[in-house]
Amino acid sequence: MALDQKKEVQNFSDGLSSGVIYRLYKDPMGVVGLLIVVSFVVIAIFADFLAPYDPSKIDILNKLQGPSADHLFGTDQLGRDTLSRLIYGTQIALMVAGVSIGLAVLIGSILGAIAGYGPNWLDFVIMLLFDMVRSYPVIMFALAVVVLFGPSLFTIMAIIVATSFPTYGRLMRTQTQSLRQAEYILSARALGLGMPRILVRHVIPNTIGPILIVASMDVPFVIALEAGLSFLGLGVRPPTPSWGSILNDGYTYIRNSKWILISAGIPLILVTIGFTFLGEQLRDIFDPKIDRGS
Amino acid sequence: MIIYTIKRVLLASLIIACAVSTMFVMIHAVPGDPANVMLGPRATPEIKEALRARLHLDQPLSTQLFYFFKGLISGNFGFDLRSNRPVLDIVLEQLPHTFILVSSALIVSTLGIPVGCYAAIHRNGKFDRIVGAISVSIIAMPAIVVGLYLLLFFSVELRVFPVIGAGDSEEWLDYLWHLTLPVITISIAWIGYISRLVRASMIEVLSQNHVRMAKAFGLPETRVISRYALRIAVLPSITMMGVSVAFILSSTVITEIIFARPGLGSLLYESVLSRNYPLVMGTVLVSTIFIVGGTTIADLINAALDPRAVKEND
């Protein structure tokens with residue numbers, strides 16, 4: 001299915017004598033987004049080399065300091081280097097986002113396509129599941145699950161998958177429903193193709209575009225959710241540096257030093273700008289229909 | 001349409017019942033004995049036993065669930081473990097604060113519709129590019145960062161806005177003053193998100209045959225857009241907003257905690273941490289009704305704007 005779509009996009013791009021990468025490169029917004037995303041990935045991979053200090057090295061004498069040559073982003077209430085902690089926090093943020101969104105898109109798309117195309121009773125059952133899951137406030141759901149299984153990286157990812165797959169499911173269902181009566185789907189049906197084949201070969205490739213843009217725009221939300229849970233003390237356990245727990249340190253010591261809070265917000269803002277810019281740009285490139293329209 | 005509405009409302013009740021039962025079972029599987037929480041470590045086993053019997057904690061889970069729903073029907077949501085006040089009273093006390101916060105944020109978010117619409121019509125123009133960059137950057141702001149930064153700069157550094165609390169609800173100006181930063185925190189990302197969604201679907205709709213046809217017939221541009229294009233183009237945004245009430249409520253929890261505002265979020269957080277079961281269940285029930293209500297209303301508006309959706313479901 002991915003291959004099929006790639007070919008389609010390829011053909012379309014060839015027609016304009018420009019590849020996807022070239023078109024991404026042409027727009028400054030796309031370049032900025034791509035650069036930011038790539039640098040965060042590099043930072044996450046090479047955290048051991050890039051961090052100037054051990055993120056958990058305590059130095060009480062130099063606690064709560066502002067930015068200086070020794071500590072670019074200052075130090076926290078235990079004298080730990082904020083920059084190093086943020087660099088290691090990148091690993092957690094990206095891993096949580098990548099793994100959980102990938103799983104959520106997969107599960108959501110399959111269920112949504114079945115709901116939109118399949119028999120009515122199946123649609124009803126799947127929609128009931130979606131609506132039920134969506135009707136919990138995520139934080140509430142998270143609280144109950146975290147208390148049950150204990151706070152850990154795995155718990156956070158499970159929470160994100162369990163709470164976000166209905167978003168993709170509902171979107172996929174709406175898309176599929178509007179496609180149901182499309183002429184090429186009807187003719188595929190008239191040719192005697194079965195439901196799984198129509199879904200995989202025709203429906204999903206034609207609906208995956210909006211799903212992908214929502215997914216790429218969702219990365220920031222998921223990273224913010226992880227930060228939020230860690231901020232509330234329900235995410236990654238304290239010695240492990242996470243952007244959220246650093247934000248919490250900044251909130252607690254807001255009157256002693258504003259630097260922890262300010263610097264902990266920067267990577268969150270940057271990473272979200274990066275993914276959203278990239279997502280926007282990919283949308284313009286991967287959605288041939290829109291390009292033809294203008 | 002009427003049949004569809006009745007169906008949707010019935011379905012919504014079914015969802016609420018399922019969701020609450022699941023949450024009830026999950027919460028009661030959480031370790032931590034409410035009898036201990038309420039009476040403290042020094043209570044004698046006899047007193048604890050008596051309390052367990054009164055709260056039906058010694059019964060099997062299914063019986064507890066039965067008592068819970070039986071209570072609900074007669075309007076009894078249980079009693080707070082600490083103050084022994086009816087849960088419903090406590091929740092209803094906090095509800096207005098959250099309701100005002102969420103609905104103000106939603107109203108402010110709809111600013112994104114005209115912005116996205118205008119950007120789509122003048123695609124790739126100056127306005128589109130500038131607004132595009134700004135709104136994409138706004139989406140990039142997670143509520144937790146926006147909230148903390150606003151708090152730091154306007155309340156702690158500049159001291160323009162109040163740091164904590166909801167203000168005096170008698171004095172509406174003071175209340176509004178306290179509401180400003182939290183509402184900005186929640187809605188700023190949504191303005192950007194909605195303007196992007198509207199822009200994207202508007203561009204798609206504008207290239208569709210029926211809109212081209214209307215244009216070809218020589219209908220004026222504004223009429224084509226308001227009568228034919230916008231109606232379809234706002235559908236994804238309405239669906240998203242409906243689905244997102246749960247998400248907004250989650251950022252409300254964080255916003256209420258950051259700004260130390262009273263409300264469902266703060267209540268929920270405190271009662272879960274102290275394992276105050278009846279209070280947790282009451283708050284979850286009310287938030288679930290809030291959220292399911294949001295999705296149902298979104299679906300109904302969707303159906304009113306696009307009658308095809310009703311047919312598909314019947």
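A few comments on the model shown:
- Counting neighbouring Cβ atoms within 10 Å and putting the fewest first, the residues B:69, A:49 line up as A:49, B:69.
- Cβ crowding within 10 Å, taken as a proxy for footprinting-reagent exposure, orders A:251, A:168 from fewest neighbours to most as A:251, A:168.
- Karplus-derived 3J(HN,Hα), 6.51/-1.76/1.60, for each residue of segment A:43-53, Hz, glycine and proline x: 4, 5, 5, 9, 3, 4, 8, 7, 5, x, 10
- Three-way shape call for chain B based on the alpha-carbon gyration tensor, with the a/c threshold at 1.5: oblate
- Annotation: peptides B:200-210, B:255-265, ranked by per-residue average of other Cβ atoms within 10 Å with the highest first, follow the order B:255-265, B:200-210.
- Between residue A:58 and residue B:153, the FRET efficiency estimated from the beta carbon spacing at R0 = 25 angstrom works out to 0.25.
- For residue A:78, the amide hydrogen comes within under 5 Å of the amide hydrogens of A:64, counting only partners 5 or more places away or on other chains and with H modelled in the peptide plane.
- Order by protection proxy (mean Cβ within 10 Å, highest first), peptides B:113-123, A:239-249: A:239-249, B:113-123
- Degrees, to the nearest 10: B:2-29 long Cα axis against longest axis of chain B: 40 degrees
- Inter-chain neighbour count for A:269-275: the average number of beta-carbon atoms from partner chains within 10 Å of each residue's beta-carbon is 4.
- Between residue B:66 and residue B:231, the simple label model (points 7 Å from Cα in the Cβ direction) yields a spacing of 5.3 nm.
- Note on residue B:6 and residue A:180: with the Förster distance fixed at 30 Å, the Cβ-Cβ geometry gives a FRET efficiency of about 0.75.
- Sorting the segments B:2-9, B:144-151 by their residues' average number of neighbouring beta-carbon atoms within 10 angstrom, most packed first, yields B:144-151, B:2-9.
- Phi-based couplings in Hz for segment A:209-222 (Karplus 6.51, -1.76, 1.60; Gly and Pro marked x): x, x, 4, 5, 5, 5, 5, 5, 6, 7, 3, x, 5, 5
- The string of couplings for segment B:200-205 from the Karplus curve (6.51, -1.76, 1.60, θ = phi - 60°) is 4, 6, 5, 4, 5, 5 Hz, one whole number per residue in order, with x for Gly and Pro.
- Per-residue shielding of B:249-255, expressed as the average number of other chain Cβ atoms within 10 Å of the residue Cβ, stands at 6.
- Cα-based helix-to-principal-axis angle, B:264-273 vs chain B, degrees rounded to 10: 40 degrees
- Cα centroid separation, segment A:222-290 to segment B:70-122: 26 Å.
- Amide proton proximity set for residue B:79, modelled H, under 5 Å, gap of 5+: B:87
- Number of partner chain Cβ atoms within 10 Å, mean per residue of B:282-292: 3
Each value in this text was obtained by applying a stated rule to the coordinates, not by laboratory testing. For clarity, every value in this text was computed on a predicted model and none was experimentally measured. Positions of Cβ are backbone-derived with ideal geometry, glycine not excepted, and every protein chain shown enters the neighbour counts.
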